[in-house]
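Got a structure here, written out as structure tokens. Questions coming.
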Amino acid sequence: MARVIVVGAGVIGLTSAVRLAEAGHRVDVVARDLPRETTSAVAGGLWYPYLAGPQEKVTGWAARSFDVFTALAEDAATGVVLREGTEVFPAPAPDPWWRDAVPGLARETRLPAGYVDGWTVTAPVVDMPVHLEWLAARLEQLGGTLTRLNLSGLPATGDGVDVVVDCAGLGARLFAGDLSVVPVRGQVVVVEQVGLDRWWLATSDATPTYVIPRAADVVLGGTEEHGDWSRTPDPATADDILARAARLVPELAGAKVLRHKVGLRPARPEVRVERVGDVVHCYGHGGAGVTLSWGCADEVVSLVGPPAAG
């Protein structure tokens, strides 16, 4: 049986590992950070192509992921639900460039104060800590392993290792020598669930604002701070997020704050999914790791190729 080592235990690494194991490979995931410690665990989990290119490839990967998440939503254990939501704009706006990735999108006329245009779509919302645990359990069920390991470089092939899959996110700056990968800091505030069942998004402002309800809480964001490596929540930023979210969804005013989180999105001019020798690179997903996860994982499987005999 061929052996594949996947570096990285965020949503891209685990999803790729699951798909590889389903294809018949022996898969071992190694990572400095375990799933709940990754940037993926901080993500609001709304399916939405954000900070990722090129547009044509992203649309294809996102469409594939949309289909898989729609199927996964039938199983509560996956952490995936389908929720209707609306993106709003302060000025007239065209349909999004990724319009072809979703089965239905309608212009919205019931808009919050201060917005004149918007569209509504039913999209997957993924409770990321739950989904990451489900992916890890699925990998184990398929015979794969997950090990904490602080690497100084990508593992070497040979001695039983056939292919290495680089899903290291920001770690690709070191592991792939790729300085085009930069952090885009995202801070969120998680508040109590106040009865919300739909998501809201306003991305046309200088800073994106989003409200993403989950079963037990609501994720409020956010920030888009390019080149900022700080993982420490900023109190003033948190106050700003709460104020913006309450303007967008007034029901959130006074909601109890449960926790503050920061994630560093691994942004790159274009997502890299490419095989070089015995290494398959899959990183640079920006703010769209969840959105592109299953589509990119399927491409990783095609680049790795069929399992070796024996």
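Which of the residues spanning the range 24-49 are out of contact with any Leu (no Cβ under 9 Å at 6 or more places or on another chain), outside any helix (DSSP H, G or I) and within 17 Å of residue 170 (Cβ to Cβ)?
Scanning the range 24-49 gives 33, 43.
Go through the range 224-253 and count every residue that is within 23 Å of residue 113 (Cβ to Cβ) and crowded, with 16+ Cβ neighbours inside 10 Å. Before you say what the answer is, go through the steps one by one.
Looking only at the range 224-253, we keep the residues that are within 23 Å of residue 113 (Cβ to Cβ), and these are 239-253.
Now narrow it down to the ones that are crowded, with 16+ Cβ neighbours inside 10 Å: 240-242, 244-246, 248-249, 252.
Going through the range 224-253 one residue at a time, the tally reaches 9.
So the check is Cβ under 8 Å with 6+ separation or different chains; which pairs have a first residue in the range 192-221 that's over 12 Å from residue 45 (Cβ atoms) and a second one that's part of a strand (DSSP E or B) and among the small types (Gly, Ala, Ser)?
Filtered contacts from the range 192-221: 198/85; 200/85; 201/85; 208/202; 208/221; 209/202; 209/221.
Within the range 166-175, is even one residue in contact with a helix residue (DSSP H, G or I) (Cβ under 6 Å, 6 or more places away or on another chain), farther than 22 Å from residue 53 by Cβ and either surrounded by fewer than 15 Cβ atoms within 10 Å (Cβ to Cβ) or in contact (Cβ under 8 Å) with a residue 60 or more places away in the chain (or both)?
Within the range 166-175 (the criterion being in contact with a helix residue (DSSP H, G or I) (Cβ under 6 Å, 6 or more places away or on another chain), farther than 22 Å from residue 53 by Cβ and either surrounded by fewer than 15 Cβ atoms within 10 Å (Cβ to Cβ) or in contact (Cβ under 8 Å) with a residue 60 or more places away in the chain (or both)), the answer is no, since none of the residues qualifies.
Per-residue answers, yes or no, for (1) among the acidic types (Asp, Glu); (2) surrounded by 13 or more Cβ atoms within 10 Å (Cβ to Cβ); (3) in contact with a strand residue (DSSP E or B) (Cβ under 7 Å, 6 or more places away or on another chain); (4) in a loop (DSSP other than H, G, I, E, B):
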| site | (1), (2), (3), (4) |
| --- | --- |
| 87 | yes, yes, yes, no |
| 115 | no, yes, yes, yes |
| 134 | no, yes, no, no |
| 146 | no, yes, yes, no |
| 150 | no, no, no, yes |
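Let me ask another. Only one of (1) within 19 Å of residue 214 (Cα to Cα); (2) more than 19 Å from the chain's Cα centre (by Cα) fails for residue 307. Which number is that?
(1)
A further question on this structure: So which pairs qualify, if the first residue must be in the range 41-62 and under 25 Å from residue 9 (Cβ atoms), the second must be assigned to a loop (DSSP other than H, G, I, E, B) and among the aromatic types (Phe, Trp, Tyr), the Cβ gap must be under 9 Å, and the two must be at least 6 apart or on different chains?
48/98; 49/97; 49/98; 58/97; 58/98; 62/47; 62/48; 62/98
For the range 41-64, give me each residue that is over 19 Å from residue 199 (Cα atoms) and buried (at least 24 other Cβ atoms within 10 Å of the Cβ).
Within the range 41-64, 52, 58, 61 qualify.
Specify the residue that is surrounded by the most Cβ atoms within 10 Å (Cβ to Cβ); the eligible residues are those in the range 277-300 that are of a type in the set (Gly, Ala, Ser) and in a helix (DSSP H, G or I).
Residues of the range 277-300 that are of a type in the set (Gly, Ala, Ser), as a first pass: 277, 284, 286-289, 293, 295, 297.
Next cut, in a helix (DSSP H, G or I) only: 289, 293, 295, 297.
Details: 289: 31, 293: 33, 295: 24, 297: 28.
The extreme case among them is 293.
For the range 182-258, list the strands (runs of 3 or more DSSP E) that sit wholly inside it and hold at least 2 residues that are over 19 Å from residue 108 (Cβ atoms) and of a type outside the set (A, V, I, L, M, F, W, C); which are they? Before you say what the answer is, go through the steps one by one.
On the way: elements: 182-192, 199-202, 209-213, 217-221.
Strands (runs of 3 or more DSSP E) meeting the threshold: 182-192, 217-221.
We did not get these values from a lab; they are worked out from the coordinates using the rules stated. Nothing here was measured: the structure is a model prediction, and the numbers come from that model. Counting neighbours? That spans all protein chains shown, and the Cβs are built from the backbone with ideal geometry, glycine included.
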